[in-house]
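J.: I'd like to ask some things about the structure below.
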Amino acid sequence: MKLRILILLFISINHGVYSTHIKGDFSTDEFFKFLVKFGFQKTEIHNQKETYGYIFGNITSSNHFKYPITFAVLDRKHFIHYYNNRDIIDKETACQTMFQNLNASAYHPKCNAYGQDLFRRIPCPKNQLCIDEDMPWNVIKHNQFTYVIQNSGQPRFWYVSMVSCYLDEESCSWHHYSGAPTADNKTLTEIPQLIQYDFWLVNGSPNLSLYNSMLYQFSFDRKNTLELYLLFWLCYIILVPVQIYAVRIQRHPVTKLFTSSLMLEFIALCFNVLHTMKFAADGVGFPGLAVAGDIFDIMSRTLFMLLLLLLAKGWAVTRLELTHKPLVFGVWMVYGIVHVLLYVWNTTEVDIVEEIDEYQTWPGWLVLTLRVAIMVWFVLELRNTMMYEHNMPKLNFLLHFGASSLVWFVYLPIIALIALQISPLWRFKFILGITYSADCLAFCVMAHLLWPTRSEQYLLLAPPDYTAGIEELDEFSESPHVVHSDTVALTAAESINADDEEVIFTRPHKNGVAFS
């Protein structure tokens, strides 16, 4: 139930942030509403129409507005001052302060005929174009307004919002609009009024949407994510059946735990692929599936980390009894909880205007710190396990396992630091690509190391119905430095009686452990 509530919460949060098809209502008593942040691509000189950004749609109301309020589309340099002053308590002062730097930049037929096309006076008349659309041929068919975004230098983020402020055309000054005035017992009150909006933000001409359907709906910082998801989905569609075949042959706790982690990652990727494919078609996708995919991805990585810790402690390799269970599972749960906290924090608390990624927040730094601490613990446990192991196949396994696992542990802190130097327009794709590549490689390496014909050389394998030798097996697992030694030192007395008594040491076999 709690998970369901969490998913529904994330759906409502993400719907207006990552969609390119934005629908909803705005009430004048809200004063300010941030709608979406969208990255528009660079406009190519020789292919301008196909590489422009477009914002088009309809904004209407069933109420009559005495003064039209403002729909603003601003780039970052214009948006920051405007956005930072939205919380001024006196809304009349807030309107004047928010727009004081925009008066000289924004176009208005009377107040600034040479400005940029940044505002629309809303609501637009029903079944008609917006007041500011003085070039009807430029408006996309069946829509009331159209912005054409040109980024001549480089891709840029643009920010879309609504605010209950209007421009007095006589004095060219901004004022607060709080609603429709009405007389109530000789006292002037104001009733909030409602606006309905439905618009799109796209990269490329809407008339050529089929030409670049894989990129058309996506903000620039998320372009090519569909191709990335599909590429790794194809990798997992091969790896997963292979690993299912392996776990059917070798029913071992290590193999089952690894297969569970792999399946969670595959399910997460399937959810993300479905969401992204539908997003490419309609600009909305399946926000619920996207959230579920992120949660399954976190679960997969934390489960994989637990497997690495268990193997580093020698579980099922040099011993069957796991030591310090509360500590191991406690650290695992703490890491998983903090990772989920990071996801929630990044989704709900990080201001969309801030150009930071999830690892530049305090939960992000906490996750990285925990990961490094767990990595150090992993190395120490692995070193301790290898010191008491003298069986060469097992040592080779632990050596290759340790090297590959160390790379998996260390990659995330490294890319988090590198991401600090990368523009937000490319940062998401960089982190996504490296993360999925590292995880896929780690799964492939682990599948190779745990393949049945290979792992039977170093995993402690006992059949489920084997009960007679449990005590001997536990004693064997608790004394790996004695039993697994290739040579055993004999006492003087044993040496004397060596001719009369034959001492045979055997190693664990696939179907159990035999002692003579």
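J.: In region 224-456, with Lys and Arg counted as +1 and Asp and Glu as -1 at Cβ, which of these residues, 296, 310, 269, has the Cα nearest the positive end of the dipole, that is, farthest along it?
T.: Of 296, 310, 269, it is 310.
J.: Now for a different question. Provide the gained length on full extension for the span residue 135 to residue 42, in nm with one decimal, where the gain is 0.36 nm per separating residue minus the Cα-Cα distance.
T.: Numbers: separation 93, 0.36 × 93 = 33.48 nm, distance 2.40 nm.
31.1 nm is the gain from fully extending residue 135 to residue 42.
J.: Using a Förster distance of 60 angstrom, determine the FRET efficiency expected from the C-beta separation of residue 108 and residue 337, and round it to 0.05. Mind showing how you got there, number by number?
T.: Numbers: r = 52 Å, r/R0 = 0.87.
That gives a FRET efficiency of 0.70.
J.: Once amide H atoms are placed 1.01 Å from N in the peptide plane, what residues at a sequence separation of 5 or more from residue 165, or on another chain, have their amide H within under 5 Å of its amide H?
T.: Sorted by chain and number, the residues that satisfy this are 70, 177.
J.: A follow-up question, please. Just reorder 251, 427, 76 by solvent-accessible area, largest first, 1.4 Å probe, all chains present. Can you show the working numbers first?
T.: On the way: 251 170, 427 20, 76 75 Å².
Heavy-atom accessible area, descending, gives 251, 76, 427.
J.: Continuing with this model, one more query. At 1.4 Å probe radius, can you tell me the per residue accessible area of region 196-309 in Å²? Don't skip to the end; give the middle numbers.
T.: Details: 4440 Å² over 114 residues.
About 39 Å² of surface per residue is accessible.
J.: How long are the three semi-axes of the equivalent ellipsoid of region 224-456, in whole Å, if each is the root of 5 times an eigenvalue of the C-alpha gyration tensor, listed from largest down? Provide the component values of the computation, followed by the final result.
T.: Details: eigenvalues 202, 93, 45 Å².
In descending order, the three semi-axes are 32, 22, 15 Å.
J.: Of the listed peptides 321-330, 365-374, 195-204, what is their order by residue-averaged count of other C-beta atoms within 10 Å, with the highest listed first? Each step should come with its number before you reach the end.
T.: Details: 321-330: 12.1, 365-374: 16.0, 195-204: 21.4.
Going by the mean number of other Cβ atoms within 10 Å, highest first, we get 195-204, 365-374, 321-330.
J.: From the backbone phi of region 227-232, what are the Karplus-calculated ³J(HN,Hα) couplings (6.51 cos²θ - 1.76 cosθ + 1.60, θ = phi - 60°) in whole Hz, Gly and Pro given as x?
T.: For region 227-232, the Karplus-derived couplings read 4, 5, 4, 5, 4, 6 Hz, x marking Gly and Pro.
J.: If you don't mind, there's one more thing I want to ask. I want to verify the translational diffusion coefficient of region 97-139 in µm²/s; compute it with Stokes-Einstein, Rh as the Kirkwood radius over Cα pairs, at 20 °C and 1.002 mPa s. Mind showing how you got there, number by number?
T.: Working: Rh = 11.5 Å.
In µm²/s, the coefficient rounds to 186.
J.: Right, here's the next one. Calculate how large, on average over all directions, the projected area of the Cα convex hull of region 77-191 is; give the answer in nm² to one decimal. It would help to have the intermediate numbers written out before the result.
T.: Values: hull surface 38.6 nm².
That works out to 9.7 nm².
J.: Just how much of residue 460 is accessible, in Å², when a 1.4 Å probe is used and the result is rounded to the nearest 10?
T.: Ignoring ligands and nucleic acids, residue 460 comes out at about 10 Å².
J.: Then there's this: Could you give the length gained on full extension between residue 407 and residue 350, defined as 0.36 nm per residue of separation minus the Cα-Cα distance, in nm? Mind dumping the intermediate values first?
T.: Details: separation 57, 0.36 × 57 = 20.52 nm, distance 2.97 nm.
Going from the current span to full extension adds 17.6 nm.
J.: What are the extents of the Cα atoms of region 18-217 along their three principal axes, in Å, largest first?
T.: That works out to 63, 32, 31 Å along the principal axes.
J.: Still on this model: Quick check: residue separation of residue 360 and residue 175 times 0.36 nm, minus the Cα distance between them. What number comes out in nm?
T.: Gain on stretching residue 360 to residue 175: 62.8 nm.
J.: For residue 251 and residue 228, what does the FRET efficiency come to when R0 = 41 Å and r is the distance between their Cβ atoms, rounded to the nearest 0.05? Could you put the intermediate results ahead of the total?
T.: Values: r = 34 Å, r/R0 = 0.84.
Result of the calculation: an efficiency of 0.75.
J.: Here's something else I'd like to know. How much of the accessible area of region 224-456, in percent, comes from carbon and sulfur atoms when a 1.4 Å probe is used? Intermediate values should be presented prior to the final figure.
T.: Values: 7250 of 9900 Å².
Using a 1.4 Å probe with all protein chains present, region 224-456 comes out at 73 percent carbon and sulfur.
J.: If you rank 90, 294 by how much accessible surface each has, with a 1.4 Å probe, what is the order from largest down? Mind dumping the intermediate values first?
T.: On the way: 90 80, 294 55 Å².
I get 90, 294, largest accessible area first.
J.: What is the spread of the Cα atoms of region 271-363 along each of their three principal axes, largest first, in whole Å?
T.: Taking the Cα atoms of region 271-363, the three principal extents are 54, 30, 17 Å.
J.: If you place +1 on the Cβ of every Lys and Arg, -1 on the Cβ of every Asp and Glu, and leave all else neutral, what size is the dipole of region 224-456 about its Cα centre, to the nearest 20 Debye?
T.: On the way: 14 positive and 16 negative charges, 205 e Å.
Around 980 debye, computed over region 224-456.
J.: Starting from the 7 Å offset along Cα-to-Cβ, what nm value, one decimal, do you get for the label separation of residue 191 and residue 238?
T.: Here the answer is 6.6 nm between the modelled labels.
J.: Then there is this: Rounded to the nearest 0.05, what FRET efficiency do residue 421 and residue 90 give with R0 = 35 Å and r taken as the Cβ-Cβ distance? Could you check? Please list the in-between numbers first.
T.: On the way: r = 41 Å, r/R0 = 1.18.
The computed FRET efficiency comes out at 0.25.
J.: Karplus couplings for region 412-427 from phi (6.51 cos²θ - 1.76 cosθ + 1.60, θ = phi - 60°), rounded to Hz, Gly and Pro as x?
T.: Ordered by residue, 3J(HN,Hα) equals 5, x, 5, 5, 5, 6, 5, 4, 4, 9, 9, 4, x, 5, 10, 5 Hz.
The values are calculated or read from the model by the stated rules, or taken from the named source; none is laboratory data. None of the values given here were measured: they were computed from a predicted structure. Positions of Cβ are generated from backbone atoms using ideal geometry, with glycine treated the same way; all protein chains shown enter the neighbour counts. Just the protein is used for accessible areas: all its heavy atoms, side chains included, with ligands, DNA and RNA removed. Shrake-Rupley method; radii C 1.70, N 1.55, O 1.52, S 1.80 Å.
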